[in-house]
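Inspection log for the structure reproduced underneath, given as structure tokens.
Readers should treat all values here as calculations from the given coordinates under stated rules, not as data from a laboratory. Keep in mind the model is a prediction, meaning the values are calculated, not measured. Here the Cβ positions follow ideal geometry from the backbone for every residue, glycine too, while neighbour counts run over all protein chains shown.
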Amino acid sequence: MGQIDRLKRITMARIDAFLESLERPEQILPQLIRELADKVNDAVNAEAKSLTAVKAAQRRLDEATGRALRFEKGAAQAVLIDDIETARQALAAQIESEKMVEKNRKILDASSAALLAARQTRIQLQDNLKELRSRKNHIINRSRQADIKKTTIFSHEKINVSATDNILDAVSRIEAKIDLDEATLEVQNDIARTIDPALPIERIEQLENNAEINRRLDLLRKNTKKQSQ
């Protein structure tokens, strides 16, 4: 999502603001169009990768769901022949498979959201490029007809773009960047502070799993007894 977040920042409003801040926008307009076309290609590639990730996540989810169902049926069959140890093992495997189902479902949700963002960004950039190309002559003529030098809209930063600069980097800097990595790290630190490092997490999880196995085993026994009556 890092690349998509950067591409999303290239809006037509920011491009307009950037061009308005320049004395001679027509001088960098060809380079700006070339860079924007390159970003469109980047967005197309990002969308394709996101689609591949969604398909892979869906496949893993289907596989984990299938495993959980097979273990569930296996446990029931083991109870029918009074093979309790096999039933317990099957239930334990079912519980682990269900955890993978939940994990893969979250991955699929995140991948689907990334795909939607990539698609929206690709459309946004394509629209921006189309509009910029259609307004090229208008921008050039407006600049040539200007009688006075334009003043920058940024009192704190002078924009000076050479032919070798990445113009869209300057466009992206128009609005202050929110440091998501820093915010994420702070949240992680808050979570870590609430967890006692001496707490035997693995042992607690094992006890929880055993309790769930016993609950399901009792339920299977009851169902089997009802069916035999």
Completion exercise
If R0 = 22 Å, then Lys73 and Gln206, at their Cβ-Cβ distance, give a FRET efficiency to the nearest 0.05 of 0.35
Handout entry: Net charge of neighbours whose Cβ lies under 12 Å from the Cβ of Leu219, counting Lys and Arg as +1 and Asp and Glu as -1
Key = +3
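Could you estimate the translational diffusion coefficient of the stretch 1-113 from the Stokes-Einstein equation, with Rh from the Kirkwood formula over C-alpha pairs, at 37 °C and 0.692 mPa s, in whole µm²/s?
Working: Rh = 18.2 Å.
It diffuses with D of about 180 µm²/s by this estimate.
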Practice task
Work out how much length Glu102 to Asp62 would gain on full extension: take 0.36 nm times their residue separation and subtract the Cα-Cα distance, in nm to one decimal.
Solution key: 13.3 nm
Completion exercise
Of the listed pairs Lys8/Lys136; Lys103/Lys226; Lys55/Lys136; Lys103/Lys222; Lys49/Lys136, those with alpha carbons more than 29 Å apart are Lys103/Lys226; Lys55/Lys136; Lys103/Lys222; Lys49/Lys136
Problem - Selection of GluC sites (Glu not before Pro), the stretch 8-69, meeting DSSP coil and at most 14 other Cβ within 10 Å - result: Glu23
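Taking the beta-carbon count within 10 Å as an exposure proxy, list Arg221, Arg14, Arg34 from fewest neighbours to most.
Arg34, Arg221, Arg14
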Completion exercise
Rounded to the nearest 0.05, FRET efficiency between Arg221 and Val44 (Cβ-Cβ, R0 45 Å) equals 0.20
